Each structure stands twice: as C-alpha cells, then as structure tokens.
1. Given the criterion assigned by TED's automatic domain parsing to the domain that holds V102, surrounded by 23 or more Cβ atoms within 10 Å (Cβ to Cβ) and among the polar types (S, T, N, Q), identify the matching residue among S312, S317, S325, S261.
2. As an exercise: evaluate P124 against (1) buried (at least 24 other Cβ atoms within 10 Å of the Cβ); (2) in a loop (DSSP other than H, G, I, E, B) and give the number of the one condition it does not meet.
3. So which residues in region 157-174 are surrounded by fewer than 20 Cβ atoms within 10 Å (Cβ to Cβ) and more than 17 Å from the chain's Cα centre (by Cα)?
4. May I ask you to list the residues in region 250-271 that are outside any strand (DSSP E or B), closer than 17 Å to S115 by Cβ and of a type in the set (D, E)?
5. Could you tell me which of the residues A147, A112 is part of a helix (DSSP H, G or I) and within 14 Å of the chain's Cα centre (by Cα)?
6. Which numbered condition trips up R177, out of (1) under 23 Å from W77 (Cβ atoms); (2) surrounded by fewer than 21 Cβ atoms within 10 Å (Cβ to Cβ); (3) modelled with pLDDT under 90; (4) not aliphatic (A, V, I, L, M)?
7. Quick one: would you say P16 is under 19 Å from G114 (Cα atoms) and either over 18 Å from the mean Cα position of the chain (by Cα) or outside the structural domain of E73 (by TED's automatic domain parsing) (or both)?
Amino acid sequence: MNTPEDFAAIFDGVRPWAGNVPRGFGVDFVGTFTDARFRVNWGGDPSSIGGRFLQTRLPTVVDPPEEEDHAFEVGNWNGERWFEAVDWFAAARAARDHFVMVTLGAWHGSQAIGSVRALQLVNPMPYKLVAIDPVPENIVCTRLHMANNGIDPDAQWLIPLAISDRNDPLFFALGTREMGSQNCFSTNEKVAREDYLRDFIRTGQTQQALENLLLRGTTGIKKSGTAGETGKEVAPEIKYVSSITLGDVLGPLDVVDYMESDIQESEILVFPPFIDLLKRKVRRIHVGTHGKNVHASLHDLFGQHGWEIVFSYEPESEHHTSLGSFKTGDGVLTVVNPQLLR
C-alpha cells in the first residue's frame with residue numbers, strides 16, 4: 001500500500017498532448033478538451049482561455065510551484081489528481097475485450113472521458129460509460145463534454161438520479177453549477193429532516209411546507225452559501241430527487257473495469273451495503289473521500305472484505321512519498337479486487 005513508485009512508469013510511451021486549442025477550451029495531457037464554461041464556480045472569463053497553441057505535460061505527484069501552474073488551461077494533473085490519472089491508465093491497461101467505467105457524481109463527466117482517452121491511447125477497445133448525477137445541468141454538461149470529445153452520449157448510460165443506499169426519494173440541494181458539488185448526506189439524513197420540521201413549526205410555515213411538498217416536490221428551503229472561488233452568493237433549494245443504488249447500477253453489468261466516486265461524503269452511505277456485490281463485479285475503485293473518519297471507515301471496509309488497498313491518503317492532509325510531497329483536498333482511496341484480476 002502507498003508505494004506510488006510502483007506506478008512511476010505508468011505513463012511511459014504516452015506523449016503529452018500538444019496543439020492548437022479552440023478559444024474557450026482547455027486541454028489536458030490525454031487530449032481532452034474542456035469547455036471553460038464548465039468552470040463557472042472558479043471564476044474567470046471563459047473567452048480568455050485557449051485560442052492558441054498549448055503544450056501539456058504528464059502528471060506528477062509533486063504539486064507544481066504556483067508560477068508554473070497553468071491551472072485549467074492545460075489541465076495540470078498533480079497531487080491527488082496524479083492518482084486519478086494513474087487509475088485511468090491502470091484500469092485501461094488491465095481491460096480485456098470491452099471496457100466499462102462507472103462514475104458516481106459525474107459533474108461534467110471528466111473522469112469518464114479521461115478513462116476513455118487513456119483506453120484509446122494504450123489499449124483501444126469498445127467501451128461503455130455510466131455517469132450518475134442528480135443535477136440536471138450536470139447531465140447536460142456531461143452530454144456536451146462527451147460530444148465535444150468524439151464520444152456519442154446516446155451510446156452511453158447517463159443516469160439523472162442521486163446515488164444512495166436506498167431507493168426512497170431523498171432531499172438534495174439543487175441549483176446551478178455555480179454552487180459546486182452537493183451530497184445526499186447532509187440534506188437528507190434524519191437530523192436534517194427533523195431540523196426542517198422544527199423550522200416549519202417555529203415559523204408557522206407548516207401549511208406552506210405541505211403545499212410545497214405535495215404540489216412541487218420541494219421543501220421551499222434555500223441553502224445559502226458561496227460559489228467556489230468567485231465568492232458569489234448561491235441559494236440551492238432542497239428538493240426531492242429520485243435515487244438509485246449500486247445494486248441498481250451494477251445489476252445489468254457483468255463486470256466493471258473501473259468505478260470512480262466523488263460524492264461529497266455520501267460514499268459512507270453508498271458503498272457499505274453493496275460491498276459483496278462490488279466484489280463480484282468491480283475490478284478497480286477510486287474514491288475521493290471526504291472527512292477523515294469516512295476515509296478510515298471505507299479503508300477498513302474494503303480491507304476487511306479482501307480488497308487490495310493500493311493507495312490510501314486521508315483528506316485535507318500533507319503526505320510525503322518517494323516521488324515527492326503533496327497535499328490532499330479530497331482523500332485518495334484506490335482499491336483493486338484480486339478476485340477479478342486476470
């Protein structure tokens with residue numbers, strides 16, 4: 001575990017992409033073009049991106065100095081993102097005959113498309129992408145992102161639902177992409193629902209709340225906050241959304257080569273009930289974990305059920321490796337399934 005030096009050669013033979021980039025687009029080392037409008041919560045003028053020749057570079061573990069970090073425009077993959085790129089290529093190289101990738105919390109599908117790019121570079125074959133996200137705008141962006149990169153979205157499986165541990169309708173904060181990623185953990189658990197009820201009673205809004213729930217499927221509650229690095233105020237509304245489980249997702253699939261998850265702490269709900277099914281069907285999993293306790297719980301869960309833990313770096317920490325030091329925002333948890341290795 002945690003021997004990144006074992007993957008130091010994972011990008012050997014991969015030439016980092018270079019070429020002219022359309023205005024309004026960034027590009028990464030595997031040649032994925034990303035519409036700058038997808039980055040609205042980071043601020044900046046999309047029209048100032050691209051429109052010139054760009055040279056990308058291969059990922060490294062070490063975070064680059066700020067003056068060398070071109071950020072979005074050339075899609076640097078450093079620090080925790082190095083581990084994501086490693087998993088793309090490890091999963092692609094291990095695939096046989098037909099590649100299946102599932103992304104939980106798709107955002108605009110960047111992990112799915114990166115996986116396909118890796119596959120096309122080192123082990124071309126037919127593929128199926130499964131992208132799950134409950135935010136309608138994210139599904140629209142995922143379709144567009146696929147089309148912009150030569151992937152037919154109609155040939156993939158895009159699921160506009162929340163991923164959870166059960167199929168009950170759940171409360172989710174829905175708004176524009178500027179609000180950033182959300183989860184079905186903080187807004188839907190019993191404590192949150194009890195708080196909604198107390199507030200309705202305290203403010204004399206029980207009749208209005210009942211009308212909202214029965215006629216519009218919403219609590220009417222706005223969750224105030226700020227958007228990413230822009231500081232813009234946002235107020236997503238807590239509404240009912242339909243949910244799907246890993247059991248539903250994996251049911252029609254024989255084998256999944258790679259599953260990626262970035263679901264903002266909901267991973268502690270989503271994975272445990274289906275650990276046995278995962279072991280029967282999934283070869284490699286990468287989880288961007290949120291919260292040190294969640295990270296530790298999932299690490300132990302996979303380890304106790306016979307998964308090989310490849311990388312385990314807890315979130316919001318500084319880590320030192322033989323390839324250099326890096327800081328995590330999300331944690332890094334990569335596990336592989338010895339039962340399905342070929």
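The values are calculated or read from the model by the stated rules, or taken from the named source; none is laboratory data. Model, not experiment: these values are computed from the prediction. Cβ coordinates were reconstructed from backbone atoms using ideal geometry, including for glycine residues, and neighbour counts include every protein chain displayed.
1. S261
2. Here P124 clears every test but (1).
3. Selection gives D165, R166, N167, D168, P169.
4. D257, D262
5. After applying the criteria, what remains is A112.
6. Of the numbered conditions (1) under 23 Å from W77 (Cβ atoms); (2) surrounded by fewer than 21 Cβ atoms within 10 Å (Cβ to Cβ); (3) modelled with pLDDT under 90; (4) not aliphatic (A, V, I, L, M), the odd one out for R177 is (2).
7. Here the answer is yes, as P16 does meet what is asked.
Residues checked against (1) crowded, with 20+ Cβ neighbours inside 10 Å; (2) at negative phi; (3) of a type in the set (A, V, I, L, M); (4) modelled with pLDDT under 95:
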residue: V40; (1), (2), (3), (4): no, yes, yes, yes
residue: S47; (1), (2), (3), (4): no, yes, no, yes
residue: V62; (1), (2), (3), (4): no, yes, yes, yes
residue: P65; (1), (2), (3), (4): no, yes, no, yes
residue: E68; (1), (2), (3), (4): no, yes, no, yes
residue: A71; (1), (2), (3), (4): no, no, yes, yes
residue: W77; (1), (2), (3), (4): yes, yes, no, yes
residue: L129; (1), (2), (3), (4): yes, yes, yes, no
